[in-house]
Amino acid sequence: MQFYGTDISSRLLLGTAQYPSPAILAEAVKSSGSGIITVSLRRESADGSGAGFWDGLRETGCRILPNTAGCHSVQEAVTTAHMARDLFGTPWIKLEVIGHSDTLQPDVFGLVEAARILSDEGFQVFPYTTEDLVVGERLLQAGCEVLMPWGAPIGSGQGLRNPDALRAMRAHFPQVPLIVDAGIGRPSDAAQAMELGMDAVLLNTAVAKAGDPARMAAAMAQAIEAGRAGYEADPMERRDMAVPSTPVLGLAEFA
Ligand SMILES: CC(=O)[C@@H](O)[C@H](O)COP(=O)(O)O
């Protein structure tokens, strides 16, 4: 599996915010087996006081996917992406343009605009979007080669709110890498996303806020692997009626 031509070692992308300590974050990253971690430039200080934190992230050996979390306008997101490229030396950017402070849902109009600007400038954009197919198409036209539909509002831990729409997305964009981003609460949510045919899952709060983040990170990784294996194994169709699973041949008959 590749994102923008880069081979991906794990289908779990991990967020780095809200951990009780940098040491616990490092432990969680290690036990997740994740090869990609995402970091918010707006949430960490850009004046140099965040430098130790960013150095710690680099030491994990993971590829860094900077994000524009907290940006509410196209201009803010584009400027933040420029800072991220300077700081981390990567063309990758997880693009968030937030449209609503309560739901933290994407402003899909601003998102498409920002995606076009950044793609034209050579960025490889990972857009945090809704499951809307038309928006997905516009993002691809804007230059995105990956889509990141939300599972549920960021930080809510609600699990997949609209699995049917994610299934439709998979069918509509069979060749596009799809990463469910946000709202995962439990390993079963992550497994469900993978069973729907998603290529990867990005999550943060579920691990950072778990009682034992390292253990939860490992559980998420296992769930993602199991869900993917289940998808690839081509599950049986659901049936409306019972169908006996044990043969009746050879049973004794009583007159
Ligand atoms: C870290 C990050 O990028 C978040 O904005 C992301 O969307 C994850 O959401 P959860 O915290 O709900 O997993």
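Within the set I93, I36, I64, I98, the sole residue that is touching a His at 6+ places or on another chain (Cβ under 8 Å) and without any contact (Cβ under 8 Å) to a residue 40 or more places away in the chain turns out to be I98.
Of all residues in the range 70-87, those being within 26 Å of I24 (Cα to Cα) and without any contact (Cβ under 8 Å) to a residue 40 or more places away in the chain number 1. Quick one: I184 ticks every box in (1) surrounded by fewer than 23 Cβ atoms within 10 Å (Cβ to Cβ); (2) β-branched (V, I, T); (3) closer than 23 Å to G70 by Cα bar one, so which box is it? Of (1) surrounded by fewer than 23 Cβ atoms within 10 Å (Cβ to Cβ); (2) β-branched (V, I, T); (3) closer than 23 Å to G70 by Cα, only one is false for I184: (1).
Identification of helices (runs of 4 or more DSSP H) wholly contained in the range 157-255 with 2 or more residues that are in contact (Cβ under 8 Å) with a residue 12 or more places away in the chain and more than 17 Å from the chain's Cα centre (by Cα) yields 163-172, 213-232. Within the range 138-158, the set of residues being of a type in the set (D, E, K, R) and touching a strand residue (DSSP E or B) at 6+ places or on another chain (Cβ under 9 Å) comprises E145 only.
The requirement of being more than 10 Å from the ligand (Cβ to nearest atom) and either within 20 Å of K30 (Cα to Cα) or of a type outside the set (G, A, S) (or both) is satisfied by A226.
Each row is one residue, and each column tells you yes or no for (1) in contact with a helix residue (DSSP H, G or I) (Cβ under 6 Å, 6 or more places away or on another chain); (2) of a type outside the set (G, A, S); (3) more than 25 Å from A168 (Cβ to Cβ).
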{"position": "F88", "(1), (2), (3)": "no, yes, yes"}
{"position": "V108", "(1), (2), (3)": "yes, yes, no"}
{"position": "D120", "(1), (2), (3)": "no, yes, yes"}
{"position": "P127", "(1), (2), (3)": "yes, yes, no"}
{"position": "V134", "(1), (2), (3)": "no, yes, no"}
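Note on the range 168-219: residues that are within 14 Å of the ligand (Cβ to nearest atom) and of a type in the set (F, W, Y) amount to 0. The residue that is farthest from the ligand (Cβ to nearest atom), counting only those in the range 129-167 that are β-branched (V, I, T) and either over 20 Å from V112 (Cα atoms) or crowded, with 16+ Cβ neighbours inside 10 Å (or both), is V135.
Laboratory data are not the source of any read-out in this text; all were calculated from the coordinates shown. Everything numeric in this text was worked out from a predicted model, so none of it was measured. Positions of Cβ are backbone-derived with ideal geometry, glycine not excepted, and every protein chain shown enters the neighbour counts.
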